[in-house]
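> Starting off with a structure, shown below.
The values are calculated or read from the model by the stated rules, or taken from the named source; none is laboratory data. Please read all numbers here as calculations on a predicted model, not as lab measurements. Quick reminder, even Gly has a Cβ in these numbers, built from the backbone with ideal geometry, and neighbours come from all protein chains shown. The accessibility values were calculated without ligands, DNA or RNA, using every heavy atom of the protein model including side chains. Shrake-Rupley method; radii C 1.70, N 1.55, O 1.52, S 1.80 Å.
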Amino acid sequence: MTSHLGLMALFAVFVSTVFATLMRDEPRDQLWFGSKLVAGFIGAGILIGWLLYPLPL
Amino acid sequence: MRAAAADQVEPAINKYLVAVLAWAVPGGGHLLLRRRQKGVTFLIVLTLMFATGLWLEGRIFPLAFDLSQPLVGLAAVADLGIGIPYFIAKFMGQGAGRVVAITYEYGNAFAIVAGLLNMLVVLDAWDIAEGRK
(Lines give C-alpha, C1' and ligand atoms only; values in the text may rest on other atoms or scores of the structure.)
Protein backbone atom coordinates (compact mmCIF):
# COMPACT_ATOMS: atom_id res chain seq x y z
CA MET A 1 0.00 0.00 0.00
CA THR A 2 2.85 2.37 0.73
CA SER A 3 4.56 1.70 -2.59
CA HIS A 4 5.18 4.69 -4.81
CA LEU A 5 2.62 3.47 -7.37
CA GLY A 6 -0.02 2.70 -4.73
CA LEU A 7 0.32 6.11 -3.07
CA MET A 8 0.27 7.84 -6.44
CA ALA A 9 -2.97 6.04 -7.30
CA LEU A 10 -4.49 6.95 -3.92
CA PHE A 11 -3.43 10.57 -4.38
CA ALA A 12 -4.97 10.57 -7.87
CA VAL A 13 -8.26 9.20 -6.51
CA PHE A 14 -8.47 11.90 -3.80
CA VAL A 15 -7.62 14.81 -6.10
CA SER A 16 -9.83 13.55 -8.93
CA THR A 17 -12.80 13.10 -6.61
CA VAL A 18 -12.53 16.70 -5.39
CA PHE A 19 -12.04 18.13 -8.89
CA ALA A 20 -14.90 16.09 -10.34
CA THR A 21 -17.22 17.15 -7.51
CA LEU A 22 -16.23 20.79 -7.99
CA MET A 23 -16.59 20.83 -11.76
CA ARG A 24 -19.66 18.66 -12.38
CA ASP A 25 -23.09 18.85 -10.73
CA GLU A 26 -24.69 15.49 -11.54
CA PRO A 27 -23.33 12.40 -9.77
CA ARG A 28 -23.19 10.46 -13.06
CA ASP A 29 -21.15 13.23 -14.70
CA GLN A 30 -18.92 13.42 -11.63
CA LEU A 31 -18.24 9.68 -11.80
CA TRP A 32 -17.40 9.78 -15.51
CA PHE A 33 -15.23 12.90 -15.28
CA GLY A 34 -13.53 11.65 -12.11
CA SER A 35 -12.74 8.30 -13.75
CA LYS A 36 -11.13 10.04 -16.71
CA LEU A 37 -9.10 12.24 -14.35
CA VAL A 38 -7.84 9.24 -12.34
CA ALA A 39 -6.85 7.43 -15.54
CA GLY A 40 -5.14 10.59 -16.80
CA PHE A 41 -3.21 11.15 -13.58
CA ILE A 42 -1.99 7.56 -13.32
CA GLY A 43 -1.27 7.25 -17.04
CA ALA A 44 0.66 10.53 -17.10
CA GLY A 45 2.58 9.52 -13.96
CA ILE A 46 3.67 6.22 -15.48
CA LEU A 47 4.49 7.82 -18.85
CA ILE A 48 6.59 10.60 -17.29
CA GLY A 49 8.26 8.04 -15.03
CA TRP A 50 9.38 6.01 -18.05
CA LEU A 51 10.49 9.15 -19.92
CA LEU A 52 12.68 10.11 -16.96
CA TYR A 53 14.02 6.56 -16.52
CA PRO A 54 17.07 6.96 -18.83
CA LEU A 55 18.17 10.19 -17.14
CA PRO A 56 21.05 9.74 -14.73
CA LEU A 57 20.12 10.97 -11.27
CA MET B 1 -45.44 19.96 -6.90
CA ARG B 2 -42.00 20.16 -8.46
CA ALA B 3 -42.68 23.63 -9.87
CA ALA B 4 -43.87 24.84 -6.47
CA ALA B 5 -40.63 23.66 -4.91
CA ALA B 6 -38.63 25.34 -7.65
CA ASP B 7 -40.48 28.62 -7.10
CA GLN B 8 -39.43 28.76 -3.47
CA VAL B 9 -36.90 31.52 -2.88
CA GLU B 10 -33.84 30.30 -1.04
CA PRO B 11 -33.12 32.39 2.05
CA ALA B 12 -30.07 34.63 1.66
CA ILE B 13 -27.12 33.22 3.55
CA ASN B 14 -24.27 35.46 4.57
CA LYS B 15 -21.45 34.72 2.13
CA TYR B 16 -18.78 35.51 4.71
CA LEU B 17 -20.31 32.95 7.08
CA VAL B 18 -20.31 30.44 4.21
CA ALA B 19 -16.63 31.11 3.48
CA VAL B 20 -15.59 30.78 7.12
CA LEU B 21 -17.59 27.59 7.61
CA ALA B 22 -16.30 26.18 4.30
CA TRP B 23 -12.73 26.76 5.49
CA ALA B 24 -13.25 25.51 9.06
CA VAL B 25 -15.11 22.32 8.12
CA PRO B 26 -14.32 20.85 4.69
CA GLY B 27 -17.63 20.80 2.81
CA GLY B 28 -19.35 22.83 5.53
CA GLY B 29 -20.09 25.74 3.21
CA HIS B 30 -21.76 23.48 0.66
CA LEU B 31 -23.81 21.79 3.39
CA LEU B 32 -24.97 25.23 4.60
CA LEU B 33 -25.96 26.04 1.01
CA ARG B 34 -27.91 22.75 0.83
CA ARG B 35 -25.53 21.12 -1.65
CA ARG B 36 -25.56 17.97 0.45
CA GLN B 37 -23.95 15.56 -2.00
CA LYS B 38 -21.02 17.89 -2.68
CA GLY B 39 -20.66 18.86 0.98
CA VAL B 40 -20.56 15.26 2.22
CA THR B 41 -18.11 14.30 -0.54
CA PHE B 42 -15.72 17.13 0.39
CA LEU B 43 -16.06 16.38 4.09
CA ILE B 44 -15.16 12.71 3.66
CA VAL B 45 -12.51 12.99 0.94
CA LEU B 46 -10.58 16.02 2.23
CA THR B 47 -10.60 14.87 5.85
CA LEU B 48 -9.48 11.40 4.76
CA MET B 49 -6.74 12.86 2.57
CA PHE B 50 -5.41 15.00 5.44
CA ALA B 51 -5.58 12.02 7.81
CA THR B 52 -3.71 9.91 5.25
CA GLY B 53 -0.97 12.53 5.24
CA LEU B 54 -0.64 12.17 9.01
CA TRP B 55 -0.75 8.37 8.78
CA LEU B 56 2.15 8.53 6.32
CA GLU B 57 4.15 10.38 9.00
CA GLY B 58 4.01 13.73 7.23
CA ARG B 59 4.62 16.92 9.15
CA ILE B 60 2.18 19.67 10.01
CA PHE B 61 4.38 22.69 9.45
CA PRO B 62 4.48 25.37 12.17
CA LEU B 63 2.98 28.78 11.42
CA ALA B 64 5.91 30.71 12.90
CA PHE B 65 7.33 32.33 9.78
CA ASP B 66 11.08 32.12 9.43
CA LEU B 67 12.61 34.18 6.61
CA SER B 68 15.47 31.71 6.30
CA GLN B 69 12.94 28.94 5.48
CA PRO B 70 10.20 30.52 3.34
CA LEU B 71 9.01 27.16 1.97
CA VAL B 72 8.17 26.01 5.50
CA GLY B 73 5.96 29.09 5.89
CA LEU B 74 4.20 28.41 2.59
CA ALA B 75 3.68 24.75 3.54
CA ALA B 76 2.21 25.89 6.87
CA VAL B 77 -0.27 28.17 5.10
CA ALA B 78 -1.25 25.30 2.79
CA ASP B 79 -1.66 22.93 5.77
CA LEU B 80 -3.83 25.51 7.52
CA GLY B 81 -6.18 25.50 4.52
CA ILE B 82 -7.84 22.34 5.83
CA GLY B 83 -9.33 24.29 8.76
CA ILE B 84 -10.32 22.72 12.08
CA PRO B 85 -8.72 19.30 11.34
CA TYR B 86 -5.36 21.15 11.39
CA PHE B 87 -5.95 22.26 14.99
CA ILE B 88 -7.39 18.91 16.06
CA ALA B 89 -4.29 17.15 14.73
CA LYS B 90 -2.04 19.65 16.52
CA PHE B 91 -4.04 19.25 19.74
CA MET B 92 -3.72 15.46 19.53
CA GLY B 93 0.01 15.71 19.05
CA GLN B 94 -0.13 14.41 15.48
CA GLY B 95 1.88 15.71 12.54
CA ALA B 96 5.27 15.84 14.22
CA GLY B 97 6.70 14.29 11.04
CA ARG B 98 9.44 11.69 11.01
CA VAL B 99 11.99 12.81 8.46
CA VAL B 100 13.64 9.41 8.19
CA ALA B 101 10.34 7.66 7.41
CA ILE B 102 10.21 6.49 3.81
CA THR B 103 6.72 7.98 3.45
CA TYR B 104 7.58 11.39 5.00
CA GLU B 105 7.48 13.37 1.74
CA TYR B 106 4.36 11.52 0.57
CA GLY B 107 2.66 12.44 3.84
CA ASN B 108 3.60 16.09 3.42
CA ALA B 109 2.20 16.07 -0.12
CA PHE B 110 -1.12 14.55 1.01
CA ALA B 111 -1.57 17.02 3.92
CA ILE B 112 -0.51 20.09 1.92
CA VAL B 113 -2.66 19.27 -1.11
CA ALA B 114 -5.68 18.53 1.12
CA GLY B 115 -5.36 22.07 2.50
CA LEU B 116 -4.95 23.61 -0.96
CA LEU B 117 -7.95 21.69 -2.31
CA ASN B 118 -10.05 22.93 0.61
CA MET B 119 -9.12 26.49 -0.40
CA LEU B 120 -10.57 25.75 -3.85
CA VAL B 121 -13.70 24.37 -2.17
CA VAL B 122 -14.01 27.63 -0.18
CA LEU B 123 -13.88 29.62 -3.44
CA ASP B 124 -16.56 27.35 -4.95
CA ALA B 125 -18.81 27.85 -1.92
CA TRP B 126 -18.25 31.62 -2.17
CA ASP B 127 -19.30 31.59 -5.84
CA ILE B 128 -22.45 29.63 -5.01
CA ALA B 129 -23.31 32.04 -2.16
CA GLU B 130 -22.83 34.97 -4.56
CA GLY B 131 -25.22 33.35 -7.03
CA ARG B 132 -22.60 32.85 -9.73
CA LYS B 133 -23.10 29.07 -9.85
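> Please work out if A:F33 is closer than 25 Å to B:F50 by Cβ, at the interface with chain B (Cβ under 10 Å from one of its Cβ atoms), in a helix (DSSP H, G or I) and of a type outside the set (A, V, I, L, M).
Taking the combined requirement at face value, the residue does not satisfy it.
> Within the range B:58-77, take every residue that is under 15 Å from the mean Cα position of the chain (by Cα) and free of Cβ contacts under 8 Å to residues at least 40 places away in the same chain and give me the one that is most open to solvent (accessible area, probe 1.4 Å).
Here the answer is B:V77.
> Looking at A:S16, is it within 24 Å of B:G107 (Cα to Cα), within 12 Å of chain B (Cβ to nearest Cβ), of a type outside the set (D, E) and crowded, with 17+ Cβ neighbours inside 10 Å?
yes
> Let me ask something else about it. Any chance the range B:37-52 includes a residue that's at pLDDT below 95 and not aliphatic (A, V, I, L, M)?
No, that holds for no residue.
> Considering only the range B:18-37, state which residues are away from chain A (no Cβ under 13 Å) and of a type in the set (G, A, S).
B:A19, B:A24, B:G28
> Quickly run through the range A:19-29 and pick out the residues that are more than 8 Å from every other protein chain (Cβ to nearest Cβ) and without any contact (Cβ under 8 Å) to a residue 12 or more places away in the chain.
Matches in the range A:19-29: A:M23, A:R24, A:D25, A:E26, A:R28, A:D29.
> Looking at A:L5, A:L55, A:L10, can you tell me which residue is out of contact with any strand residue (DSSP E or B) (no Cβ under 7 Å at 6 or more places or on another chain) and either more than 20 Å from B:G107 (Cα to Cα) or of a type outside the set (A, V, I, L, M, F, W, C) (or both)?
Criteria check complete, one pass: A:L55.
> Identify all residues within the range B:99-118 that are open to solvent by 70 Å² or more (accessible area, probe 1.4 Å) and away from every other protein chain (no Cβ under 11 Å); write none if there are none.
Within the range B:99-118, B:V99, B:V100 qualify.
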